[in-house]
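Presented below is the structure to which this report refers.
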Amino acid sequence: MYFGKPFATIAHIHSLGGELQKATMLEKLGDNDYLAEYDGVKCHAIYNPFVSRFYVDDVDAVVEDDPSRKIQSKYIDRKLRQTVLRTRRKWKNRQIA
């Protein structure tokens, strides 16, 4: 989800324990990797299409002003894969009443 220009949205914020707050998505960096800004901090964010929400990681994936975003992007991809696998296991192990 990206409209080609920066936009403000409600997102889950890592430093607030997942609380919903307004954040700005600045640009799309890769597959499901976005450059976001929250409270003056530029960081990475991912989009969860199942709940239609962005998750802004302003703790572990802060972007400095240098062009080393790809290293941090690998971290985001790894965290996303872990989240997807955890969700798949939950759905697989749930009991149908």
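The values are calculated or read from the model by the stated rules, or taken from the named source; none is laboratory data. If you're wondering where the values come from, they're calculated on a predicted model, not measured in any experiment. Cβ coordinates were reconstructed from backbone atoms using ideal geometry, including for glycine residues, and neighbour counts include every protein chain displayed.
Okay, here's what the table says:
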{"quantity": "Residue within region 8-23 that is surrounded by 19 or more Cβ atoms within 10 Å (Cβ to Cβ) and among the acidic types (Asp, Glu) present", "calculated": "no"}
{"quantity": "Residue that is among the polar types (S, T, N, Q) and at pLDDT 90 or above, where the choices are THR87, THR83, THR9", "calculated": "THR9"}
{"quantity": "Residue that is nearest to ALA61 (Cα to Cα) [pool: residues in region 36-47 that are crowded, with 19+ Cβ neighbours inside 10 Å and either out of contact with any Phe, Trp or Tyr (no Cβ under 8 Å at 6 or more places or on another chain) or acidic (Asp, Glu) (or both)]", "calculated": "CYS43"}
{"quantity": "Subset of region 62-80 (residues that are polar (S, T, N, Q) and either loosely packed, with under 12 Cβ neighbours inside 10 Å or at pLDDT 70 or above (or both))", "calculated": "SER68"}
{"quantity": "Residues being acidic (Asp, Glu) and outside any strand (DSSP E or B) - total across region 27-64", "calculated": "3"}
{"quantity": "Options VAL51, VAL59: the member that is touching a residue at least 40 places away in the same chain (Cβ under 8 Å), on the phi < 0 side of the Ramachandran plot, exposed (fewer than 13 other Cβ atoms within 10 Å of the Cβ) and not polar (S, T, N, Q)", "calculated": "VAL59"}
